[in-house]
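The values are calculated or read from the model by the stated rules, or taken from the named source; none is laboratory data. On a predicted model such as this, the values are computed, not experimentally measured, just so you know. No Cβ is skipped: glycine too gets one built from the backbone with ideal geometry, and neighbour counts run over all protein chains shown.
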Amino acid sequence: MINHMLSRRDFVKHTAMAAGAAGVLAAGSRTAAAQEYPKLPIAVIIGMLPQELSDKEKFELAKRCGLDGLEGYPMEDHDAARVQAEQAREAGIVIHSLMYGGWSALFSDPNEAVVAEGLKAFENALYCAKAMDVDNVLLVPARVSAQVRYVEAYERSQKNIRKMLPLAEELGVVIAVENVWNDFLLSPLEFARYVDEFESPYLKAYFDVGNIVKYGYPQDWIRTLGPRINRIHLKDFSRRENDWKPLREGEVDWPEVRKALAEIGFTGFCTAEVAGGGEEHMTDLAERMTLIVTGQ
């Protein structure tokens, strides 16, 4: 009669073998993911780096931490902007985008003087990008409020962006409109339509992964927006707690997000828009981003 009962020693042995095999499979799966999804370039916003450092020191720190680039801000002094961009390149990284934003003078504002102020500031942002050899400027296109109806925000912002498009095309700089908590462009279908109606390769989407968690699923938006996406912002969010979380600790399904980005052929920069810090913090952040962009 065969004894089917495992001894304690046999049990430990077989359990260890099974655990080892599982570890090999998991490692193989991670390796396969990294091979399937080549690493996308990763960046942070310049303002996230230690403020006490010079630009040169900031860029050298960013390079040491494993970052490929930075998102900067428009500058009035374009000569100083050129110097900043050159210092970044000398450190081995690149300023890939400028964060204009536009909250203080929205293109959807009912006050024409406010809009004029916004148009002038955005024109400077486009010229600054050209001076720095940067091909992308982030724009918050509009905001819906008690004073601005949805249809007004839609039509007014498009009308004013069209005033800027000829200059963007001339300079070779993409205007990338971002989805933010502005009660505007609240579905991926509408966001896609909004971009398409410009009929210009110089009007694209700047997609923020974390901003959309309240309204839907980032991977769904990515697949709908497709090649309209020119840049990605990385943030993580918890619906249950209604709060921001460190990257890979919230409710974003990052492997599915990376899969969606691969499906649409996205190869551009992914920039973290989170709390800043020193070298240890930035190194950890770069490692988290690297896991995200390689599908792990």
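Overview of results
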item: Residues (more than 16 Å from G72 (Cα to Cα), of a type in the set (V, I, T) and in contact with a helix residue (DSSP H, G or I) (Cβ under 6 Å, 6 or more places away or on another chain)) located in region 126-178; result: V144
item: Test: residue in region 140-154 that is among the aliphatic types (A, V, I, L, M) and assigned to a helix (DSSP H, G or I); result: yes
item: Pairs where the first residue, in region 258-287, is acidic (D, E) and the second is surrounded by fewer than 17 Cβ atoms within 10 Å (Cβ to Cβ), C-beta under 8 Å, 6+ apart; result: E263/R223; E279/R64; E287/G66
item: Any hit, region 279-291, residues being crowded, with 16+ Cβ neighbours inside 10 Å, closer than 22 Å to G101 by Cβ, in contact with a Lys or Arg (Cβ under 9 Å, 6 or more places away or on another chain) and hydroxyl-bearing (S, T, Y); result: no
item: Identity of the residue in region 256-294, of a type in the set (S, T, N, Q) and farther than 18 Å from N136 by Cβ, that ends up nearest to the chain's Cα centre (by Cα); result: T290
item: Criterion violated by Y194 - all others in (1) buried (at least 17 other Cβ atoms within 10 Å of the Cβ); (2) of a type in the set (S, T, Y); (3) not in a helix (DSSP H, G or I) satisfied; result: (3)
item: Number of the condition not met by T224 [criteria: (1) over 15 Å from the mean Cα position of the chain (by Cα); (2) outside any loop (DSSP other than H, G, I, E, B); (3) touching a residue at least 60 places away in the same chain (Cβ under 8 Å)]; result: (3)
item: Some residue of region 108-131 being part of a loop (DSSP other than H, G, I, E, B) and closer than 18 Å to F198 by Cβ; result: yes
item: Inter-residue pairs, beta-carbon under 7 Å, first within 19 Å of R82 (Cα to Cα) and among the aliphatic types (A, V, I, L, M) and in region 49-67, second in a loop (DSSP other than H, G, I, E, B) and modelled with pLDDT under 95, 6+ apart; result: none
item: Of the criteria (1) under 20 Å from V195 (Cβ atoms); (2) buried (at least 20 other Cβ atoms within 10 Å of the Cβ), which one V144 fails; result: (2)
item: Scan of region 91-103 for residues that are surrounded by 15 or more Cβ atoms within 10 Å (Cβ to Cβ) and closer than 21 Å to A176 by Cα, ordered by number; result: V94, I95, H96, S97, L98, M99, Y100, G101, G102
item: Exclusive hit being buried (at least 19 other Cβ atoms within 10 Å of the Cβ), free of Cβ contacts under 8 Å to residues at least 40 places away in the same chain and small (G, A, S), set A88, A81, A129; result: A88
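The rows are residues; the columns are (1) of a type in the set (D, E, K, R); (2) under 25 Å from G226 (Cβ atoms); (3) in contact with a Ser or Thr (Cβ under 9 Å, 6 or more places away or on another chain).
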position: A113; (1), (2), (3): no, no, no
position: V137; (1), (2), (3): no, yes, yes
position: G172; (1), (2), (3): no, yes, no
position: A192; (1), (2), (3): no, yes, yes
